[in-house]
Amino acid sequence: MTLPDNLPKILGRMLARLRSRALWIAIGYAVFATLWIFFSDSALALLVDDPAELVRWSVAKGVAFVLVTSGLLLLLMRHAFGAMEAGYGFLEAQQQEIRRLNRLYSALSHINQAIVRESTREALFHRICAVLVEQGGFRLAWVGWHNAATHQLEPIAFAGDSDNYIKNIQVYGDDRPLGRGPTGCAVRSGQPYVCNDTAADPATAPWREQFARRGLRASVALPVRHQGEIVGVLSVYADEPDVFH
């Protein structure tokens, strides 16, 4: 997957709109210029009898025409270029989404391979975290295993942790303050917790400074089940907001 199926249609519509705007600008300019020349010359002929004076007024009229049409063309061109910039911005957003989806498809393919090849749970989790960072393009991924006695989510696999943040993290699955974050909420609710802005989500308050320091702008926490029981959480972090849909 490299381009959306409807991209040619999108480009075609954009080019058609730009051509239509250019045509209307040219028509409008021609109509305005014709009317200006006709009516201004007729008015001068009626108001000025002296040929020398008529020449001076004709020059002034020409300068006024240039100033007025230059102003109109400036407004029209700014409008047209604004539409072009908006179109390019839309295409760039589409391209970014395509690149994100390509990374996700690549990660999914590698994870499916890991499920088949890895023989132990720990090896599988380590491989999944590595794939999410290396192929998926995420900043950080880790698996926390729920300790039923202490309720702590103990890191058993991770990738992208360059400064041992995950090794020293304290996250819990119960309702204590350090258990009310995205990961703890995923344990208690049994549902994925999506945080698309770590700087604004109240659940990330205890870790917000650490997230900001490491450029972690969004996260998702996915419960891990074994025989119907939630035994851990896979947490994934991105370096830009609004990534997880």
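Points to keep in mind about this one:
- Region 122-156, subset more than 29 Å from Gln96 (Cα to Cα) and of a type in the set (A, V, I, L, M), residue surrounded by the most Cβ atoms within 10 Å (Cβ to Cβ): Leu153
- Residue among Val236, Val220, Val171 that is over 26 Å from Arg99 (Cα atoms) and among the aliphatic types (A, V, I, L, M): Val171
- Test: residue in region 205-223 that is at positive phi and either without any contact (Cβ under 8 Å) to a residue 60 or more places away in the chain or touching a Gly at 6+ places or on another chain (Cβ under 6 Å) (or both): no
- Within region 177-229, the residues that satisfy the criterion of being outside any helix (DSSP H, G or I), within 17 Å of Val243 (Cβ to Cβ) and of a type in the set (S, T, N, Q) are Asn196, Thr198, Ser219.
- Among (1) over 30 Å from Ile25 (Cα atoms); (2) open to solvent by 50 Å² or more (accessible area, probe 1.4 Å); (3) modelled with pLDDT under 85, the one test that His79 misses: (1)
- One residue stands out among those in region 34-67 that are surrounded by 13 or more Cβ atoms within 10 Å (Cβ to Cβ) and among the hydrophobic types (A, V, I, L, M, F, W, C): the one that is farthest from Leu23 (Cα to Cα), which is Val48.
- Every condition in (1) part of a helix (DSSP H, G or I); (2) open to solvent by 50 Å² or more (accessible area, probe 1.4 Å); (3) at pLDDT 75 or above holds for Ser119 except the one numbered (1).
- When Asp175, Asp239 are screened for being farther than 16 Å from Arg139 by Cβ and either in contact (Cβ under 8 Å) with a residue 12 or more places away in the chain or among the aromatic types (Phe, Trp, Tyr) (or both), only Asp175 passes.
- Residues of region 207-224 satisfying the condition of being of a type outside the set (Asp, Glu), modelled with pLDDT under 95 and open to solvent by 70 Å² or more (accessible area, probe 1.4 Å): Arg208, Ala212, Arg213
- Gly89 assigned to a helix (DSSP H, G or I), within 23 Å of Ala238 (Cα to Cα), open to solvent by less than 50 Å² (accessible area, probe 1.4 Å) and free of Cβ contacts under 8 Å to residues at least 40 places away in the same chain: yes
- Any hit, region 167-176, residues being part of a loop (DSSP other than H, G, I, E, B), under 12 Å from Ser235 (Cβ atoms) and open to solvent by less than 70 Å² (accessible area, probe 1.4 Å): yes
- Only one entry in Arg127, Arg117, Arg100 is within 20 Å of His245 (Cα to Cα) and either charged (D, E, K, R) or free of Cβ contacts under 8 Å to residues at least 40 places away in the same chain (or both), namely Arg100.
- Qualifying residue in region 94-105 (condition: open to solvent by 90 Å² or more (accessible area, probe 1.4 Å) and at pLDDT below 75): no
- Of the set (1) part of a loop (DSSP other than H, G, I, E, B); (2) out of contact with any Leu (no Cβ under 7 Å at 6 or more places or on another chain); (3) among the charged types (D, E, K, R); (4) surrounded by 13 or more Cβ atoms within 10 Å (Cβ to Cβ), all apply to Asp242 but (4).
The values are calculated or read from the model by the stated rules, or taken from the named source; none is laboratory data. As the structure is a computational prediction, the values presented were derived from the model and not from experiment. Don't worry about glycine lacking a Cβ; one is built from the backbone with ideal geometry, like all the others, and counts go over all protein chains shown. SASA here: full protein model, heavy atoms, side chains in, ligands and nucleic acids out. Shrake-Rupley method; radii C 1.70, N 1.55, O 1.52, S 1.80 Å.
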